[in-house]
Each structure stands twice: as C-alpha cells, then as structure tokens.
Amino acid sequence: MRKLYCTAILSLLLFGYSYGQQAPVYSQYILNEFLINPAVAGIDGMTSITISGRKQWLGLSYTPETYSASISTRILKSPLSVNEGKIRKSTKGRVGIGAAFVSDKYGAINRTSVQFTYAYHLFIQNYQLSFGLRILGTQLNIDPDLISFRDEDPLLESMLGESSFIPDAGFGLNFSTQNLHIGLSVNELLESRINFGDAILDNAQLRYVRNYTFHGYYRTPLRQNRDWTFEPSWIIRGNEKAHFSGDLTARFVYKKEYWIGTSIRTSGELILFAGLKWNRALLGYSFDYGFNQLSYNSYGSHEIMIAFKLGDSIRRYRWLERY
C-alpha cells in the first residue's frame, strides 16, 4: 500500500497540473509544425531552423516554461551517386530528416528530451503524402529544492534529485497541397514506463499516456485584396484517457511578410499573435490570456519563436515538379 501511495503522489506531481501538457503546448504551432508532427520534416524542400521560448502565467513562481531548438531539411536530388563502384541515379528527394531539443519545466519537474526524425514523402498527382517516424530520449527529474513533504517519507524523499531516462517514439502522417495541410501524429507511442530508483520498481505503474494530435490549415487569398491571405487552422490534442483540448485559429498574412491572428483554446484562453518575415528569418510573438484565476493573478502567457528558412526560393514547392 505504501508503494502504491508513493506512485499516486508521483503521478500527481508529474501529470496532475494539466492533462494536455504531458507534451508541451505551443500557441504558434503553425510556424513549426515539425515539433508536433514528424511527417513534416523537409516537407517544403527547405532547411528550417527554429528556436522558441514559452513562459506561462508570467508573474507567478514556478509556472511552466518550455524552450526548444529544432532543425529539419529535405535530402534533395543530386545528379549521380556511387554505390559499390557503380554510378547510379540518386534519391529523388523523398527523404526528410530532422532533430530537436526540448526543455520543459513545470514546478519541481524538469524534462529534457532529444529527438531524431525520419520522414518519407510520396507524390500523388499534385498532392504530397508524408510519413514520419520520431525516436526520442527524455530525462526527467524532480528538483529537491522545490518540493518538500509535510510528513517524512524516506521512500519518496529518496526519489528527489534522481533522474529517469525514458526512451519512446512517435509517428506522423501528413497530406498536403500548395495551400492545404492536414496531419495526424501519435506521441508517446510506446507508453514508456517511468522509474525513479529501484524502491518502487515492482509495483509502480507510472507511465506516459499515448496521445494524439490532429492539425491542419488552409490558405486562400482574400477576394477584396489579393495582397492579403486568410489562413484558418486548427489543432486538437487528445489521449486514450479521453482528455481533449484544442485551438481554433484565424491568421491574416500581408504580402507573405507580415501576419496577425487570434486563437481560441478550449481551456478558456484567448490568444493574440503577430509576426513578420525579414529576408530568410521569421519572428513571431503570441500572448495567451485565460479567463480563470491563474490568469487574473498573472500577466498571461508569452511565447517567442524565431525561424530561419534556408535554400533557394524555388525549392519551397519544387516537390510539385516531382524533383
């Protein structure tokens, strides 16, 4: 019973504050879909480098904060390749690869993961169907300086400061045209077990829960002014415990260089965001405000994202020409 009690306490510590944030939540997911779906790696034929930082409920202590850095690219066609002494045609640019580093902190819980992604893109007439596989390793620990127990418990206290390494995987699908993306991804595919020391190894059933993300957007120019483009998008997050959340977003882009938009989140948050493109760099900022007690006593949630798109401009939709 004591071991089960300790497992229950750890479950509350690790997952109790929000069902949706077993995985990080991003308000500007449209700027870096690669973080939420491995099938997007190299989808536009360009090399993408993205850095982001997110702080929730600014002004309160020990609130969630997430930092990430990622890179993804497409392995494009080259004229010839040498294999076993023979000259052969090389790949037709169907492979995308990527990597990401994510640091997620909430209260006493620190979670750091390194991810590697392989994607494969198929052409169907003027459409592109993409598959992606992600493997990752996560190190999770509880900061002993930020937590204490009213009653002494050597078993629980022995876990503080200990680290748990958690291997796992993810899978994604994506269907895209020049103006439409629809994707589905599965994270924590293996539902890996979390262990903090040998003390609760036998009885603990502390695991990550497999979760799903369904997302998409559509791009269309405004009839009244062709300089403006309207991009409605959505994202739905859920897991096998029937916990769901989602965002519904409207973004307006001016001459492909400036954008503003707003999102409504099912948890009761209103999100405002804006950004600009300068040469090969994209800069985005979002502000989340929730109509709840946490937001009333804070300065809202803030997210900054910087991205770089490298490669010739004609590469962006070169996949339409079948490489």
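Rule-based calculations on the coordinates, nothing more; no lab input. All values reported here derive from a predicted model rather than from experimental measurement. Here the Cβ is made from the backbone with ideal geometry for all residues, glycine too, and neighbour counts use every protein chain on show.
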Contour minus Cα-Cα distance for L276 and I51 (0.36 nm per residue)
79.5 nm
Taking 7 Å along the Cα-to-C-beta vector as the label spot, tell me the N292-F175 distance in nanometres, rounded to one decimal.
3.4 nm
With r defined as the distance between the Cβ atoms of Q224 and L248 and R0 fixed at 25 Å, what FRET efficiency is calculated, to the nearest 0.05?
0.60
Rounded to the nearest Å, what's the spacing between the alpha carbon centres of segment 285-299 and segment 215-243? Just the number, please.
23 Å
